[in-house]
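I have placed the structure first, in the form of structure tokens, so that the comments after it can refer back to it.
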Amino acid sequence: EIIPPAVAIFSPSKQEIQQKSKATLVCLASGFYPDHLNLVWKVNGAKRTEGVGTDEFSTGNGSTYSLTSRLRISAQEWFNPLNRFECVANF
């Protein structure tokens with residue numbers, strides 16, 4: 001049985017943007033089964049690998065799992081209203 005994940009993207013902290021001029025977006029995929037899931041970041045529809053860090057293993061209680069990935073970008077890129085950020089999950 002395959003259970004698809006619920007995927008949520010969390011915005012960067014104002015503190016990080018102000019102090020470091022960087023923005024880290026966090027993608028959380030949760031409630032999925034089985035445990036092998038790929039998370040891919042897309043910016044304006046194009047796959048982004050630079051500045052990406054994904055947990056090596058999913059965590060879970062045996063029935064469902066969750067996985068976290070982070071995308072670090074410049075504050076300038078974050079504040080550009082034309083930029084679209086997506087986190088895509090696939091088995």
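Below are the figures for this structure:
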read-out: Criterion (of a type outside the set (Asp, Glu), within 30 Å of residue 1 (Cα to Cα), free of Cβ contacts under 8 Å to residues at least 60 places away in the same chain and surrounded by 11 or more Cβ atoms within 10 Å (Cβ to Cβ)) met by exactly one of 59, 64; value: 59
read-out: Where a residue in region 33-56 is farther than 16 Å from residue 78 by Cα and in contact (Cβ under 8 Å) with a residue 40 or more places away in the chain and its partner, wherever it lies, is of a type in the set (Gly, Ala, Ser) and in a strand (DSSP E or B), with Cβ under 9 Å and at least six apart; value: 37/29; 37/89; 38/89; 39/29; 39/69; 39/89; 40/69; 40/89
read-out: Subset of region 25-49 that is of a type in the set (Gly, Ala, Ser) and not in a loop (DSSP other than H, G, I, E, B) - its residue that is nearest to the chain's Cα centre (by Cα); value: 29
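None of the figures in this text is laboratory data; all of them are computed from the coordinates on show. Quick caveat, the model's predicted, so the values are computed rather than measured. Counting neighbours? That spans all protein chains shown, and the Cβs are built from the backbone with ideal geometry, glycine included.
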